[in-house]
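For reference, the structure is listed below as C-alpha cells.
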Amino acid sequence: PETPAGVAAQPAGADTSYQNLLVSTQDQITTITLNRPEKKNAITVEMYTEIIQALDQASKDDSVITVITGSGDFYCSGNDLSNFTKIPEGGVEQMARSAADLLRDYVKAYIDFPKPLIGVINGPAVGISVTVLSLFDVVYATERATFHTPFSNLGQSPEGCSSYTFPKIMGAAKASEMLLFNKKLTAMEACQVGLVTEVFPDSSFHKEVWSRLKSYAKLPKNSLAYSKQLIRAAEKERLHAVNNQEVERLVERWLSDECMQAVMSFFQGKAKL
Amino acid sequence: PETPAGVAAQPAGADTSYQNLLVSTQDQITTITLNRPEKKNAITVEMYTEIIQALDQASKDDSVITVITGSGDFYCSGNDLSNFTKIPEGGVEQMARSAADLLRDYVKAYIDFPKPLIGVINGPAVGISVTVLSLFDVVYATERATFHTPFSNLGQSPEGCSSYTFPKIMGAAKASEMLLFNKKLTAMEACQVGLVTEVFPDSSFHKEVWSRLKSYAKLPKNSLAYSKQLIRAAEKERLHAVNNQEVERLVERWLSDECMQAVMSFFQGKAKL
Amino acid sequence: PETPAGVAAQPAGADTSYQNLLVSTQDQITTITLNRPEKKNAITVEMYTEIIQALDQASKDDSVITVITGSGDFYCSGNDLSNFTKIPEGGVEQMARSAADLLRDYVKAYIDFPKPLIGVINGPAVGISVTVLSLFDVVYATERATFHTPFSNLGQSPEGCSSYTFPKIMGAAKASEMLLFNKKLTAMEACQVGLVTEVFPDSSFHKEVWSRLKSYAKLPKNSLAYSKQLIRAAEKERLHAVNNQEVERLVERWLSDECMQAVMSFFQGKAKL
C-alpha cells in the first residue's frame, strides 16, 4: 500500500546544495547565481544538470519571479570547453550523443519555464549563456556586459534556439553577423537590437535592478505566470522543434574534422575567439 | 420573385449617428474619432459595438484609407473599468462571457480590416487602445503620446493579439517589460521599438500628418488594399487563434480572486496604474 | 550508352561570360557585380536569368561566401520598366505569366541559396533590389545608399517575400510605410530598423567591408553553410509560400487598369517615383 512517505514534499530550494550554483528565495524572488567565478562561470556538464534542477525547483516553489545572474565580474563564459576533453569509453560518438541529450534538456528547461524569468547580466556573456537569453522574459544588463556567440570560430553552429529567435528579435541581417561571423555586441548594441531590455551604469546596476525586481514580485502571481505562458504559447511548439534541429546539427559538427581541429587549435593557443 | 429593394444599398457612413464616435469621409479618407473626451475616450460596452460597426462601414465605403484618432488631449484610456461594475442577472460568469464575445469581435474587426488603417495618436494611450495598434498598418504619434498596458496591475492578461505581435515587433525582452511589468513607453521609445512609425512635435502634429494622409489617399486604391491584405495574409490565421486564446485566458482572469481584488482596489483608490 | 561528355563538369564561374554581370572568385569569395551602370543597374529580363545562373554557380563552387554588389554610383534601380513594353505575340496575359515565372524563380534562388550571402550596397537601391535584401544574411551599406520600394506608385504590390520579411524585421508600422506608402529610407534608417547590418562612410566603405569579408571567408566553410541553412530552415517553407502568393497577386496587378495607367503615366513623365 502507498505510504505517505511515497508522496514526498517538494524539497525547498534552500535545502538543496549545489556545487556551482547559489540558489535562494527572498521577497518572492528565487535567484539562481552561477557560482564558479574563478572560471568566469563557464558551464561544466555538472553545472548544466544543476541549472536544470534549479529551474525545475524554481518553477514549483512559491516565488513569483525567477532571476539568473553570475558571481564575480563575468556573467558566464559559456560552455566549458573542457567538456570536450573527457572522452568516455564509448568514444567521441558517445560523448557527442550525451552532450546532445544534455543540451536539449538544458534548452528545454528554458522553453518550458512557467514563470517570468529575468536575466541580471552582471558582465560579459558568451555562447550558450547569450543564446538562451532570447528565452528569458526580461534581460537587464550592466554597461560592462558584452554578448558574443563565436560558434563558427570553433567549427560549431547556433544553439539555444538562437537560429530562430535571433532573426526574430533583430532581423536576419544583424542576427547573422552575430551567429555566423562572431560579431561581439556591447550592452548598448544588444539593447538597441532588442536582445537586452535595458542597460544600467555599472555603479548603480544592482541597486536599480533589484529595486525593480522587488516591485515586480509584488504583482499578482497568477496574472504574471499566465501572461508569460500566453506569450510563450504562440511559439512553444516551434521552439522545441528548433531546439531539436540545432542539437542534431551540433552532433554532426562535434564529430566533424572542422570542429575537432578548431577546438584543438583553441586549446593549443593557436585560435582566439 | 426578388425585388430590387431586397438588395439594400450599403448605408453611407455619414448617415449613421454614433453616440461616442465621430465618423466622416473626406478626401477619400474615412476618419473614426473616439469622442468621449470627458472620460479620456475610455471605451464602454456601447463604444466597442460602435467601433466595430464603424470599421465595418469603412471597410465597405469608397474611401482609400481609414484613420482612427481621439478627440481632446487623450487618445484613449482603454477599457472603461465601469464595464466591470454592471453585473447582469446571469451573474459574473455571464458578464465575463459577454465581455469575452465582445472583445473577440472587437479585435477580429481589426484583424480582418481590408484597407490601410492608420492610427493618429493624439495623446496618451492605455490598454486595449495600445495593443490593437499592432494590428494597424501605420501609427503616427504626437510627442505627447505615451503607451501603457498595465494588465498585471489589474490581475489581467494581454489582449488585442499583443501576446503574439509585441514580441514579434520588439522582441520578447522589451515586450514582456510592457505586457508583464507595466512599463509605460514614451512616444520616442514606442517608435524605437517599432510600435509607432514616426513621432511628430505636438505643435505641427496634425498639419504634418494630415498632409501625408491626403497624399496617401491619392495612391491607387486597389494596389493599397491588396498590398495590405498580402501583408496580413501571412499571419491572419495565427492572429485569429491568438485572439481566441487571449480571450479565453481573460475569462478565467476576470472570474479569479486576483483580478476581482485588483479591480476593487483600483475603484477604492488603493491601487494606481 | 552514356558518354562521359554527358556528365558535364560544372563550368567554373570565370568561364561563363555574362552580358550584364561581372562574376569572379578570389580569396574564397565569389562576387557577383551588377554591371549595367549606364542604366543604374536596372534589371532586364536577361539580367534576371543571368543572376539566377550566377547564384546557381556560386552555390556549387568552392567559395565560402558570396557577395552581390553594383558597379558605378547606384546599387540597383530595380526592375527595368522597359520589361513591360515588349509585348509578346501572346499578348499582355502571356507577358504577365512569363514575368511571373521569372520573378518566382528569381526570388526562389535567394531563398534556397545555401551559403552566406552578403550584400555590399554601394549606392541607392530600388524595388526588388531592396526587397530581396531581406533574404541576404548580412547587408553592409555605404552612407550614400537609400532604400525605396515604390510599389503602389506603380499600381503594383510587394515582392521578394517583403510582405512577410519586412514586418518581421521592422514591425508592421514601419514596414507598411515602406511597402504601401513608398517611404524612402536613408542608410542609417535602414540600419536602425534592421534591414541593413551596418553603415560605413563612403570614403572607407570598400576598404572596411572587404577587410571584413576576407576574414569571414577564412572561417570554417561547412560551419558557415550549415549555420546559415539552420537559420533559413526555420522559415523556408513559409518563404516559398509567400513568394508564390506575391507573384500571383502581381499577375493580377500587371493586368489591372490601375497598374497599366500608372506605368503609362511613368513613361509619359507624368509620374515620379
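Sub-9 Å Cβ pairs linking a first residue in region C:71-86 that is of a type in the set (D, E, K, R) to a second residue that is assigned to a strand (DSSP E or B), at least 6 apart or interchain, are C:Asp80/C:Ile43, ordered by first then second residue.
Going through (1) surrounded by 24 or more Cβ atoms within 10 Å (Cβ to Cβ); (2) touching a residue at least 60 places away in the same chain (Cβ under 8 Å); (3) in contact with a Phe, Trp or Tyr (Cβ under 8 Å, 6 or more places away or on another chain) one by one, C:Asp137 falls short only on (3). Being in contact with a Leu (Cβ under 9 Å, 6 or more places away or on another chain) and either polar (S, T, N, Q) or in a helix (DSSP H, G or I) (or both) is the filter; apply it to region C:109-127 and report the residue that is farthest from C:Ala233 (Cα to Cα). By that ranking, first place goes to C:Ala109. Residue count for region B:141-154 under the criterion of being more than 14 Å from chain A (Cβ to nearest Cβ) and either within 23 Å of A:Tyr216 (Cα to Cα) or at pLDDT below 95 (or both): the result is 3.
Checking each residue in region C:251-273 for being more than 10 Å from chain B (Cβ to nearest Cβ) and within 28 Å of C:Ala109 (Cβ to Cβ) picks out C:Val251, C:Trp254, C:Leu255, C:Val263, C:Phe266, C:Leu273. Selection within region B:1-60: residues that are modelled with pLDDT of 95 or more and of a type in the set (Gly, Ala, Ser). The member of this set that is farthest from B:Gly123 (Cα to Cα) is B:Ser59.
Yes/no matrix, rows are residues, columns are (1) among the charged types (D, E, K, R); (2) within 30 Å of A:Thr25 (Cα to Cα); (3) touching a Phe, Trp or Tyr at 6+ places or on another chain (Cβ under 7 Å):
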{"residue": "A:Ser176", "(1), (2), (3)": "no, no, no"}
{"residue": "A:Glu208", "(1), (2), (3)": "yes, yes, yes"}
{"residue": "A:Ala217", "(1), (2), (3)": "no, yes, no"}
{"residue": "A:Pro220", "(1), (2), (3)": "no, yes, no"}
{"residue": "A:Leu230", "(1), (2), (3)": "no, yes, no"}
{"residue": "A:Glu246", "(1), (2), (3)": "yes, no, no"}
{"residue": "A:Cys259", "(1), (2), (3)": "no, no, no"}
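Among the residues of region C:208-234, which ones are of a type in the set (Gly, Ala, Ser) and part of a loop (DSSP other than H, G, I, E, B)? Within region C:208-234, C:Ala217, C:Ala234 meet the criteria.
Of the numbered criteria (1) outside any loop (DSSP other than H, G, I, E, B); (2) more than 14 Å from chain A (Cβ to nearest Cβ); (3) in contact with a Ser or Thr (Cβ under 7 Å, 6 or more places away or on another chain); (4) surrounded by fewer than 21 Cβ atoms within 10 Å (Cβ to Cβ), the one C:Asn182 fails is (1). Can you confirm whether region C:222-241 contains a residue that is crowded, with 17+ Cβ neighbours inside 10 Å and over 30 Å from A:Asp257 (Cα atoms)? There is at least one residue in region C:222-241 that is crowded, with 17+ Cβ neighbours inside 10 Å and over 30 Å from A:Asp257 (Cα atoms). Set side by side, the residues C:Ala54, C:Ala96 differ, and just one is touching a residue at least 60 places away in the same chain (Cβ under 8 Å) and either of a type in the set (Asp, Glu) or part of a helix (DSSP H, G or I) (or both), which is C:Ala96.
Results for (1) assigned to a helix (DSSP H, G or I); (2) of a type in the set (A, V, I, L, M); (3) more than 7 Å from every other protein chain (Cβ to nearest Cβ), shown as yes or no for each residue.
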residue: A:Val139; (1), (2), (3): no, yes, no
residue: A:Gln156; (1), (2), (3): no, no, no
residue: A:Gly160; (1), (2), (3): no, no, yes
residue: A:Thr165; (1), (2), (3): yes, no, yes
residue: A:Ala173; (1), (2), (3): yes, yes, no
residue: A:Met178; (1), (2), (3): yes, yes, yes
residue: A:Glu189; (1), (2), (3): yes, no, yes
residue: A:Gly194; (1), (2), (3): no, no, no
residue: A:His206; (1), (2), (3): yes, no, yes
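Per the conditions (1) surrounded by fewer than 23 Cβ atoms within 10 Å (Cβ to Cβ); (2) within 11 Å of chain B (Cβ to nearest Cβ); (3) over 26 Å from B:Lys214 (Cα atoms); (4) not aromatic (Phe, Trp, Tyr), the sole criterion not satisfied by C:Lys214 is (2). Among the listed residues C:Glu246, C:Glu237, identify the single one that is touching a Pro at 6+ places or on another chain (Cβ under 8 Å), within 14 Å of chain B (Cβ to nearest Cβ) and part of a helix (DSSP H, G or I). Checking each option against the conditions leaves just C:Glu246. Restricting to region A:32-60, count the residues that are closer than 24 Å to B:Leu180 by Cα and crowded, with 18+ Cβ neighbours inside 10 Å. Result for region A:32-60: 6.
In this structure, is A:Val130 in contact with a Phe, Trp or Tyr (Cβ under 6 Å, 6 or more places away or on another chain), more than 10 Å from every other protein chain (Cβ to nearest Cβ), part of a strand (DSSP E or B) and modelled with pLDDT of 95 or more?
no
For the condition buried (at least 24 other Cβ atoms within 10 Å of the Cβ), more than 20 Å from B:Asn182 (Cα to Cα) and touching a Lys or Arg at 6+ places or on another chain (Cβ under 6 Å), A:Ser176 does not qualify. Considering (1) under 18 Å from C:Ala125 (Cα atoms); (2) modelled with pLDDT of 95 or more, the lone condition that C:Asp80 does not fulfil carries the number (2).
Of everything in region C:242-268 that is in contact (Cβ under 8 Å) with a residue 24 or more places away in the chain and of a type in the set (Gly, Ala, Ser), the residue that is surrounded by the most Cβ atoms within 10 Å (Cβ to Cβ) is C:Ala262.
The values are calculated or read from the model by the stated rules, or taken from the named source; none is laboratory data. Model, not experiment: these values are computed from the prediction. Reconstructed Cβ throughout: ideal geometry from the backbone, glycine too, with neighbour counts over all protein chains shown.
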